[in-house]
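Q: Take a look at this one; I'll ask things after.
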Amino acid sequence: MQGGEPRMALLHVRDLRTEFSTSRGTLRAVNGIDFSLEEGEVLAIVGESGSGKSITALSIMGLLPGATSRTTGEIRFRDQDLVKMTPQEYRRVRGTDIAMVFQNPLTALDPAFTIGNQLIEIIGMRTASSRKDRKQEAERVLHQVGITDTQRVLQAYPHELSGGMRQRVVIAMAVSRRPKLIIADEPTTALDATIQKQILQLLARINRESNTAIILITHDFGVVANISNRVAVMYAGKIVEYGKTADIIARPLHPYTQGLIGSVPDAGFSRREPAARRRLVQISGAPPDLLNLPLGCVFSERCPEAKAHCRTAEPQLSLHASGSSTACFEREELSYESVTRG
């Protein structure tokens, strides 16, 4: 979340589509999305389970199984199209410029090796220094993520650490590569509220001190309020609202975004109404079957404002006077174009 100097584009995603072949047909997990990320920026991708946000992250990382998945569109990172890269070229980018923090740190850590061995090996991929120097670097990055008892942690196996400590270690592994971009997929899941806050503060500090861009994947608007610059709200494989975090929180346009924000118990970040007087909102129904998507707007079957045309025509993202873009026919009268014409 850097300020002052203008930032340069780091990542451009255009018409990204990721499909999976199943026995029942083609599952469209990501269905034609566009977004960009500047150097040093934090973008939050928010949505319920199954919205496509984690598949978007894995598509960018090139970590999906090639035998059953297909990714098309453009993923331009530092003006290189990742989609067109060979597996070998992709690994070089993934190992240095882009790092990922997974939802469950145990899946990212090898239970058979100590934290020290794993961290030193990762550092060795970036530098040809001696093992002694790599160990010192390992201690440094552990300090950087707030771990003071570095010797104990380096000698420990993953199962010997708490969930919060394991997540700090995984973040240290990501930081040790000195990447331009970190993708954090639900990094606070299964952690208690205090540890969640500490992990988010850690990511914000890494962003601030290292100018590292971050894509934060989450289902909780309460998580993004104080860390992200911009938000992309995903539903059924599509981005339904996109804009500055402050603008979307102050004035959410899409009914789905309104439901997500309204379902947060502690909405002290809302400027619209004090948290104590707010009534929690429940989004009725269930997300659509990605193997059999409905005609028209993907949210129409759950939307309290849906009209007949919402079930036959698909709305596109359009810029609105609030500064955000949303895919909703019922918000078209607020569009920037109509305001400027008037």
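Q: Among 242-249, 167-174, 16-23, 119-126, how do they line up from the highest to the lowest mean number of other beta-carbon atoms within 10 Å?
A: 167-174, 242-249, 119-126, 16-23
Q: Here's something else I'd like to know. Below 8 Å, C-alpha to C-alpha, sequence gap of six or more: please give me the relative contact order for the chain in percent.
A: Value for the chain: 19 percent.
Q: May I ask you to list the aspartates and glutamates whose Cα is less than 12 Å away from that of Lys307, ignoring any residue fewer than eight positions away on the same chain?
A: Counting by Cα, and skipping residues close in sequence, Lys307 has these aspartates and glutamates nearby: Glu330.
Q: Okay, moving on. What residues have an amide H closer than 5 Å to that of Gly32, excluding those fewer than 5 places away on the same chain, when H is modeled at 1.01 Å from N in the peptide plane?
A: Hits under the 5 Å cutoff: Leu16, Arg17, Thr18.
Q: What full-extension length gain, to one decimal in nm, is calculated for His12 and Asp110 as 0.36 nm per residue of separation minus the Cα-Cα distance?
A: Full extension of this stretch gives 32.0 nm more.
Q: Modelling each spin label as a point 7 Å along the Cα-to-Cβ direction, I'd like the Ser129/Asp97 distance in nm, to one decimal.
A: Going by the 7 Å Cα→Cβ label model, 2.4 nm.
Q: Using helices alone, I'd like the mean residue ellipticity at 222 nm for the chain: each DSSP H run of four-plus residues gives -39500 (n - 2.57), total over residue count, nearest 500.
A: -9500 deg cm²/dmol
Q: So what's the net charge close to Ile283: Lys and Arg +1, Asp and Glu -1, counting the other residues with Cβ under 11 Å from its Cβ?
A: Here the count lands on 0.
Q: Same structure again: Cβ neighbours within 10 Å, averaged per peptide: list 80-89, 146-155 in order, most packed at the top.
A: 146-155, 80-89
Q: Now for a separate question. In whole Hz, with x marking every Gly and Pro, tabulate ³J(HN,Hα) for the stretch 244-254 from phi via Karplus 6.51 cos²θ - 1.76 cosθ + 1.60, θ = phi - 60°.
A: After applying 6.51 cos²θ - 1.76 cosθ + 1.60, I find 5, 4, 4, 5, 5, 5, 6, 8, x, 9, 6 Hz.
Q: In the Gaussian network model of the chain, springs joining C-alpha atoms below 10 Å, which of Glu38, Glu139, Glu160 carries the largest mean-square fluctuation?
A: Answer for the Gaussian network model of the chain: Glu160.
Q: How large is the charge dipole for the stretch 1-157, taken about the Cα centre, if only the Cβ atoms of Lys, Arg (+1) and Asp, Glu (-1) carry charge, to the nearest 20 debye?
A: Dipole of the stretch 1-157, to the nearest 20 debye: 460 debye.
Q: For Lys135, which lysines qualify as cross-link partners when the Cα separation must be under 29 Å and same-chain residues fewer than eight apart are set aside?
A: Result set, ordered by chain and number: Lys180, Lys197.
Q: Taking the highest mean first, how do the peptides 46-53, 230-237 order by number of other beta carbon atoms within 10 angstrom per residue?
A: Details: 46-53: 22.1, 230-237: 26.4.
My ranking of the peptides, most packed first, is 230-237, 46-53.
Q: So, one more: Rounding to the nearest 20 debye, state how big the charge dipole of the stretch 104-178 is about its Cα centre with +1 on each Lys and Arg Cβ and -1 on each Asp and Glu Cβ.
A: Its charge dipole is roughly 240 debye.
Q: Mind listing the long-range amide H neighbours of Ile45? Cut-off is under 5 Å, sequence gap 5 or more, other chains count too, H placed in the peptide plane at 1.01 Å from N.
A: Under 5 Å from the amide H of Ile45: Leu216, Ile217, Thr218, Ala232.
Q: Just need the relative contact order of the stretch 19-137 here, percent rounded to a whole number, with Cα pairs under 8 Å and 6+ apart.
A: Dividing the mean separation by the residue count of the stretch 19-137 yields 16 percent.
Only the coordinates and a few stated rules stand behind these numbers; no lab work does. The shown structure was predicted, so the numbers you read here are calculated from the model rather than taken from an experiment. We place every Cβ from the backbone using ideal geometry, glycine too, and count neighbours over all the protein chains shown.
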